[in-house]
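Everything below concerns the one structure shown next.
The values are calculated or read from the model by the stated rules, or taken from the named source; none is laboratory data. Note that the structure is predicted; figures quoted are calculated from it, not measured. Cβ coordinates were reconstructed from backbone atoms using ideal geometry, including for glycine residues, and neighbour counts include every protein chain displayed. Just the protein is used for accessible areas: all its heavy atoms, side chains included, with ligands, DNA and RNA removed. Shrake-Rupley method; radii C 1.70, N 1.55, O 1.52, S 1.80 Å.
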Amino acid sequence: NTIYSLSNTNTTGAVGITGIFYNGGTSTTIARNLVYDLSLSSSSTSAYVYGLDIAGGANNVQNNMIRLGTGLNLGVLINGINDVIGTSNYYHNSVYLGGAPTANVANTFAFNSSNASSSGVNYNNNIFVNARSNSGSTGKHYAVSLGGATGYNMNYNIYQTPGTGGVLGYFGAADQATLSAWNTASGKDANSYNSDPQFIAPASATP
């Protein structure tokens, strides 16, 4: 599927917009989707934009491409992929967050997992780039954030956070500014890289 140009024009409410929401099921494959240009007008600090929102089940989420944030000048919560609950595996997904927020303090995440039941799952071979860069906003822009269980497999990923306010990861209720710090804190990603994946025109009108 190609999902793009969805918009929410409420200017003040704690509203959100999501490209794909999935909750439940087992052995489902969520794959080969392109999600980009989700537009939000709200100035609320509780407003949000999610590319993929996985809220349950035991599935394979793979080979998806997500580009968000390039047209969002206000600082709102952005999750390229939001992993909430369940035991889904994530393979070969590519996420790029861009844009230059001018106000608010909302944080953004290329991949954000608050999943407390993720033991035994795999987060492998993904590219998570958060190039969002503050231009008046004071939020932090993470490539990856993990919470909850620690018994998962996570390796062979590429991370990059080149913008102002960029932080590689969040783990153990603390910022992990470098890949080395992330490796030590999480015990994961021994074969992963903090480098430019050389996306071709990720911020263009059609990424």
The range 185-207 residues that are of a type in the set (Gly, Ala, Ser), paired with ones that are at pLDDT 95 or above and assigned to a loop (DSSP other than H, G, I, E, B) (beta carbon under 6 Å, 6 or more apart): SER192/ASN157; ALA203/GLY98
Go through the range 31-46 residue by residue and tally those that are surrounded by 20 or more Cβ atoms within 10 Å (Cβ to Cβ), part of a strand (DSSP E or B) and among the hydroxyl-bearing types (Ser, Thr, Tyr). 1
Filter the range 60-113 down to the residues that are part of a strand (DSSP E or B), among the small types (Gly, Ala, Ser) and surrounded by fewer than 23 Cβ atoms within 10 Å (Cβ to Cβ), then identify the one that is farthest from the chain's Cα centre (by Cα). ALA103
Determine if the range 165-185 includes at least one residue that is part of a loop (DSSP other than H, G, I, E, B) and open to solvent by less than 40 Å² (accessible area, probe 1.4 Å). yes
Among what's in the range 114-150 and is in contact with a Gly (Cβ under 8 Å, 6 or more places away or on another chain), among the aliphatic types (A, V, I, L, M) and modelled with pLDDT of 95 or more, pick the residue that is surrounded by the fewest Cβ atoms within 10 Å (Cβ to Cβ). ALA131
Residue check for VAL49: assigned to a strand (DSSP E or B), touching a residue at least 40 places away in the same chain (Cβ under 8 Å) and either surrounded by fewer than 16 Cβ atoms within 10 Å (Cβ to Cβ) or not aromatic (Phe, Trp, Tyr) (or both): no
